[in-house]
Amino acid sequence: MPLTQIKEGRTVRLVSIESGYGLKNRLASMGVRPQTEFTVINNHHPGPFMITVKGCKMMLGRGVADKLMVLQLNSENQ
Amino acid sequence: MKKINVALAGNPNSGKSTIFNMLTGGRQKVGNYPGVTVEIKEGKARRDDYEINFIDLPGTYSLTAYTLEERVARDFIINKHPDVVVDIIDASNVERSLYLATQLMEMQVPLVLVFNMSDIAQRRGLLFDLEQLSKLLEVPIVSTTGNKGLGKQQLFEAIKKIVEEPPQHIRQANFGTEIEQYIEQLKPKIEQKYPELTAKCPSRWLAAKMLEQDEEILKKITDPQINQQAQTAIQKIKGLLGEMPEMIMADHRYGFISGACQETVKTTAELRHEFSDTIDAVVTNRYLGLPIFIGLMYLVFELVFRLGEYPMDWLEGFFGFLGAGVENLWPEGSMPWLKSLVSEGIIGGVGEVIVFLPNILLLFLAIAMLEGTGYMARAAFVMDKLMHKIGLHGKSFIPMLIGFGCSIPAIMGTRILEDRRNRLTTIMVIPLMSCFAKFTVYALLIPAFFPVQWRGTMFWVIYLIGILLGILSARILRSTVLKGEDIPFVMELPPYRMPTAKAMLMQMWTRAWLYIKKAGTIILAISILLWVGMNFPRPDIEHTSSPQLTQQQIKQLELEHSVVGRIGGAMEPAIKPLGFDRNIGIAMIGALAAKEVFVSQMAIVYAVEEDAKEMSLREQLRRDYSPLVGFAIMLFCLISAPCIATIAVTKHETNSWRWAGLQFFGLTAMAYVITLLFYQIGSLFI
């Protein structure tokens, strides 16, 4: 499911990025790739997203979050 | 003494600037790329027999052609061929930092890796075997603590060693059999057709970039045969592996990195920034975020204006003293026109502008502080929702904030925006943020026309009108000329940290310098030009030597006869409906050069017209105009064509006269219409 549907505090694994190569490349260079796990810290509906990837905080525009297909992991991780 | 060039590369927020300051001390100059992030800083250091020129490249995550920073960094490496590249690795995020390193290795540059703040990372539970990692990557690694100055000696030694014994072979990630095979096929063709390119960068890298369809490289390698071959290769790879080559290459780079890190970087505990998380829980809170942000902005502007008042008074006194000094010390009767030029034109004109330097410095210091601590990125996060409504990203807000200081560094600052439409829209509306030059106009007019208890409110009203018009214009632009979908937006939020005073002061100075340069060059030139325009041509002696005329009438005759007087007169019918007379028209011409010239211009007009020493400029304005006209002037100054320097920067940054023209004429037309409506409707009531 798209990242936009994930609630704050949940940890997810990135499955795929449904977008052009510009964004895929950009995300890859920032360490966000398929199989990467990260936590949603802030989901400001309808505003931007805040996530932490390996201890690193990032902001994603809602447009980006819509394109990230993720798998929600066990909620024990929150 | 041998001269060597050493470039510093690294991710944004990796502590690159700290290392740069540690290596160069204070001695540095900011080079060709001023702006928020796209700047190249240079600094020198001497060590043993070497004079080392350090170049601080913009912080980037990779070396594609995706953003301007990346292009700047990459072009520098290709064209300037530094002897050594020092890549700063953020010890708390090794894998991502090494991604940039693999790309530097592909460019076959002699590399030194610096693990910055590894002591902190170790305390947090990361263990490194740097010796082993260095062996695996075949690259020397030095560990430093930039803010404590540790590791400086070792880094110099490593650089020296590379210069004395350049590495014969630089390791790079293998892209897998399929891709490697096509690279091998493309390589000889590129070498043969483009020897001048392969002299600068390795042919393997060029071939790989062809497969990645890198825009910049495609512009250089235009040979249809090579392009055809690359296209076929891309299609075959896609058919075979189900992905575009660039993604597969990214995977292989990460594979190469995790292979090297597997045994050498160990995590014993999950990395957390508790302190940052606590602050973020408050300042980016859904409900508290915006009020906190607005409160902070209010605080910044209060600070800037309250603290700025004192040095402003001193500077005003100083320039007054200087002008009076010239008047008094000037030898009686010798070249009176030159005396008037120096005391009224130059000292008066430039002085009026320099007086606002303390305010500018304070605002830029506050912005440097917000950026340095990491709050600015959060502000972009908080503002994103609102900015989105007007078709902009949260990040656009940073250059707009700088625009309250001066449009020039603000427009240069839009380079941080990746999306072209977003960037153009931001550039177009930045002049509507009341800059300090406009503030000088308000600061002259508001106390002249409004009672004390209303002054603060009037300032807010005029600033707010600018912001609202900016929002409106952005919306209009985004739904007409600059219509189109957003480029998705990703930004890192660095952990909060205390910036060093030196780093903040340096950043403040870089931006303020752009303003000082403007005062020293354009405004000085315009002040002289206007003075000439107001004093020449002189009327015939017979007209002015008549004994019936008073001193004041003579001066008025002279002004009417001058070039500026005539233009002002010619303009009068057009500006009359706005409530403006000739004098305002004359000052508005000057304001085109720079808004603050309006103030100096009014000062000159009135000094020329009569004895200004007896009545202050504000009192004269109050005598001659109504508060309605006063506000109309502010309105027109706020909206109308930005200064020439801004237009020049817009032309430079957009690389198009069309956008510069639209900014100039569009804003002026808007100013005319709004001021006209305001004055005409206002006249009905007052």
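Just so it is clear, none of the values below were taken in a lab; they were calculated from the coordinates. Just so you know, these numbers come straight off a predicted model, no measurement behind them. Positions of Cβ are generated from backbone atoms using ideal geometry, with glycine treated the same way; all protein chains shown enter the neighbour counts.
Over the stretch B:32-113, the reciprocal of the mean inverse Cα-Cα separation, the Kirkwood hydrodynamic radius, stands at 13.6 Å. Near residue B:566: Cβ cut-off under 14 Å, other residues only, Lys/Arg at +1 and Asp/Glu at -1. The net charge is -1.
Could you work out how far helix B:524-535 tilts from the main Cα principal axis of chain B, as a 0 to 90 degree angle to the nearest 10? Between the helix axis and the principal axis of chain B, the angle is about 20 degrees. Along the stretch B:360-368 the Karplus relation, 6.51 cos²θ - 1.76 cosθ + 1.60 evaluated at θ = phi - 60°, assigns HN-Hα couplings of 4, 4, 5, 5, 5, 5, 4, 5, 4 Hz to successive residues, with x for each Gly and Pro.
Sorting B:559-566, B:573-580 by average packing, meaning the other beta carbons within 10 Å per residue, from highest down gives B:559-566, B:573-580. The convex hull of the Cα atoms of the protein assembly as shown, projected and averaged over all directions, covers 38.8 nm². Of all beta bridges that DSSP places with both ends in the protein assembly as shown, some 60 percent have antiparallel geometry.
In the stretch B:2-164, the alpha-carbon atoms span a convex hull of 110 Å³ per residue.
What percentages, rounded to whole numbers, describe P(r) for the stretch B:183-326 computed over all alpha carbon pairs with 10 Å bin width beginning at zero? Each 10 Å bin holds this share of Cα pairs: 9, 19, 13, 11, 16, 18, 10, 3, 0. The Rg/Rh ratio of the stretch B:290-479, with both radii computed over alpha carbons and Rh defined as the Kirkwood radius, is 1.07. Other protein chain C-beta atoms within 10 Å of residue C-beta, averaged over B:248-256: 2.
The phi-based Karplus calculation (6.51 cos²θ - 1.76 cosθ + 1.60; θ = phi - 60°) puts the 3J(HN,Hα) values of the stretch B:450-457 at 10, x, 3, 5, 9, 4, x, 4 Hz, whole numbers, x for Gly and Pro. Placing +1 on the Cβ of every Lys and Arg and -1 on the Cβ of every Asp and Glu, with no other charges, gives the stretch B:177-267 a dipole of roughly 160 debye about its Cα centre. Applying the criteria of a DSSP loop state and at most 12 other Cβ atoms within 10 Å to the chymotrypsin sites (Phe, Trp or Tyr not before Pro) of the stretch B:216-291 yields B:287.
Only the Cβ atoms of Lys and Arg (+1) and of Asp and Glu (-1) were treated as charged; on that basis the dipole of the protein assembly as shown about its Cα centre amounts to roughly 960 debye.
Over all distinct Cα pairs, what is the inverse of the mean 1/r for chain B, reported as the Kirkwood hydrodynamic radius in Å?
Evaluated over chain B, this radius sits at 28.5 Å.
Residue B:308 sits among other residues whose Cβ lies under 14 Å from its own Cβ, and their net charge, with Lys and Arg +1 and Asp and Glu -1, is -3.
For chain B, the dipole from Cβ point charges (+1 on Lys and Arg, -1 on Asp and Glu) about the Cα centre works out to 500 debye, to the nearest 20. Taking GluC sites (Glu not before Pro) across the stretch B:186-228, none is in a DSSP loop with at most 13 further Cβ atoms lying within 10 angstrom of its Cβ.
Within the shell of other residues whose beta carbon sits under 15 angstrom from the beta carbon of residue B:634, the net charge comes to +4, with Lys and Arg scored +1 and Asp and Glu -1. For the residues of B:388-401, the average number of beta carbons from a partner chain within 10 Å of their own beta carbon is 1. Cross-linked pairs B:2/B:161; B:3/B:160; B:395/B:502; B:80/B:200: Cα-Cα separations exceed 19 Å for B:395/B:502.
Fewest-first ordering of B:658, A:33 by other beta carbons within 10 Å of each residue's beta carbon gives B:658, A:33. Each peptide among B:429-439, B:8-18 gets the average number of other Cβ atoms lying within 10 Å of its residues, and from highest to lowest they stand as B:429-439, B:8-18. The loop-placed GluC sites (Glu not before Pro) in the stretch B:224-319, going by DSSP, that have at most 14 neighbouring Cβ atoms within 10 Å of their Cβ come out as B:263, B:270. Evaluated on the stretch A:3-77, the Kirkwood hydrodynamic radius is 12.1 Å, with distances taken between all distinct Cα atoms. Each residue of the stretch B:431-438 was assigned a 3J(HN,Hα) from its phi angle through the Karplus expression (A = 6.51, B = -1.76, C = 1.60, θ = phi - 60°), giving x, 7, 7, 4, 7, 5, 4, 5 Hz with x at Gly and Pro.
The mean number of partner chain beta-carbon atoms within 10 angstrom of a residue's beta-carbon across peptide A:37-44 is 3. With the largest listed first and rounded to whole Å, the semi-axes of the equivalent ellipsoid of the stretch B:177-267 from the Cα gyration tensor are 27, 17, 10. Model label sites at residue A:16 and residue A:37, defined 7 Å from Cα along the beta-carbon direction, differ in position by 2.3 nm. Of the residues B:119, B:90, the one with the fewest other Cβ atoms within 10 Å heads the list, and the complete ranking is B:119, B:90. Put simply, the amide H of residue B:89, placed in the peptide plane, has neighbours under 5 Å in B:114, B:115, B:116, leaving out anything fewer than 5 places away on its chain. For chain B, take the longest principal axis of its alpha carbons; what is the angle in degrees between that and the long axis of helix B:289-329, to the nearest 10 within 0 to 90? With both axes taken from Cα atoms, the answer is about 50 degrees. DSSP assigns beta bridges within the stretch B:2-164; of those with both partners inside it, close to 35 percent run antiparallel. Beyond 18 Å, the tail of the calculated P(r) for the stretch B:433-529 holds 73 percent of the Cα pairs.
Result for chain A in a Gaussian network model with C-alpha springs under 10 Å: among A:14, A:60, A:68, the largest mean-square fluctuation is at A:60.
Beta bridges assigned by DSSP with both partners in chain B are antiparallel in approximately 40 percent of cases. Under 12 Å from a label point set 7 Å out along the Cα-to-Cβ vector of residue B:267, the amide N atoms of the stretch B:94-116 belong to B:94-96. In plain terms, the residue of B:509, B:205 with the fewest other Cβ atoms within 10 Å comes first and the most crowded comes last, giving B:509, B:205.
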